Amino acid sequence: MITMSLAELEQLLQVGELEVEGLLPWSSNYTFLVRVCHDGVEVSAVYKPRRGERPLWDFPHGTLCQRERAAWIISEAIGWHIVPPTVIRTGPHGIGSVQLFIEHDPENHYFTFEGDPQLRTQVQKIVLFDTIINNADRKSGHVLRQPQQNNTPDRLWAIDHGVCFHTDYKLRTVIWEFAGQPIPSDLMQDLKQFQQRWHTAGQPWQRQLETLLSPAELNALENRLAKQIQQQTFIQPGPGRHYPWPPV
């Protein structure tokens with residue numbers, strides 16, 4: 001079990017020595033499992049080099065790793081801690097994203113625990129998070145369930161955010177169980193507080209986002225946040241295809 005602080009873990013991912021263990025299967029882009037070691041501490045991580053990204057017609061080439069980092073920054077800024085710690089750095093195959101690997105059972109994903117009341121709030125946070133960042137690929141397998149100890153409810157993590165933050169509506173997700181329902185008041189408060197922080201100039205995470213996303217993408221994100229707060233209900237499926245493929 002990792003007992004490091006978030007700052008220490010981020011530093012480890014940023015400066016530790018990377019050793020490639022192998023390719024991860026079923027990934028659209030080149031994705032490597034790596035060991036990250038520094039000062040006698042070692043963790044597993046997922047390394048996605050920029051030059052291994054498959055070109056997409058609707059996203060600028062070479063930006064997917066930046067979007068992975070931006071998703072983590074937003075997750076932390078809201079205070080929901082949905083995304084595993086993620087950095088941008090140079091590795092054995094060039095610059096890319098490096099994200100803490102979450103130990104989990106790959107057979108246990110959203111479709112296997114859909115409707116579990118103990119996980120309801122965590123799933124709702126992921127839904128709102130995806131709406132704000134305009135996630136074009138929330139597959140069931142992109143929601144990881146990490147067992148916890150001492151009768152604590154299992155923790156959910158959201159991964160794979162390379163195709164997010166587009167200026168056009170791109171939301172594709174398998175999680176529609178709350179569509180049209182009112183957003184719980186505590187989650188609404190979180191969104192409103194994040195909006196207030198967004199309008200407070202000079203915050204370090206804002207400056208980081210400006211290096212990762214375009215001004216138009218940041219403006220679109222701000223508009224989606226404002227619209228979600230005004231709407232006060234979970235978004236309904238939009239026009240066109242609103243499920244990712246494959247769904248798992």
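Can you work out the FRET efficiency for the pair Glu103 and His199, with r the C-beta to C-beta distance and R0 = 30 Å, to the nearest 0.05?
0.20
So between Cys37 and Gln146, what do we pick up on full extension, going 0.36 nm a residue minus the alpha carbon distance?
Additional length available on full extension: 37.0 nm.
Please compute the net charge surrounding Ala201, taking Lys and Arg as +1 and Asp and Glu as -1 over other residues with Cβ under 14 Å from its Cβ.
Values: positive: Arg197, Arg207; negative: Glu210, Glu222.
Within the 14 Å Cβ shell, the charges total 0.
Residue by residue, what Karplus-based ³J(HN,Hα) values in Hz, rounded to whole numbers, does region 99-110 have, using 6.51, -1.76 and 1.60 with θ = phi - 60° and x for Gly and Pro?
Those phi angles translate into 10, 3, 7, 9, 5, 7, 8, x, 7, 10, 9, 3 Hz.
With the crude spin-label approximation of a point 7 Å out along Cα→Cβ, what separation in nm comes out for Ile95 versus Trp57?
Placing both labels 7 Å along Cα→Cβ, they lie 2.8 nm apart.
Given a cut-off of under 8 Å on Cα pairs at least six residues apart, what relative contact order in percent is computed for the chain?
18
Assign unit charges at the C-beta atoms only (+1 for Lys and Arg, -1 for Asp and Glu), then state the dipole size of the chain relative to its Cα centre in Debye, rounded to the nearest 20.
Roughly 720 debye, rounded to the nearest 20.
Give me the extension gain from Ile229 to Glu8: residue separation times 0.36 nm, minus the current Cα-Cα distance, reported in nm with one decimal.
So the chain would gain 76.2 nm between Ile229 and Glu8.
Taking Cα centroids, how far is region 35-114 from region 134-205 in Å?
Here the answer is 15 Å between Cα centres.
Rounded to the nearest 0.05, what FRET efficiency is calculated for Gln181 and Val248 with R0 set to 25 Å and r the Cβ-Cβ distance?
Result of the calculation: an efficiency of 0.55.
Just so you know, all these numbers are worked out from the coordinates, no wet-lab data involved. For clarity, every value in this text was computed on a predicted model and none was experimentally measured. All Cβ positions, even for glycine, are placed from backbone atoms using ideal geometry, and neighbour counts span all protein chains on display.
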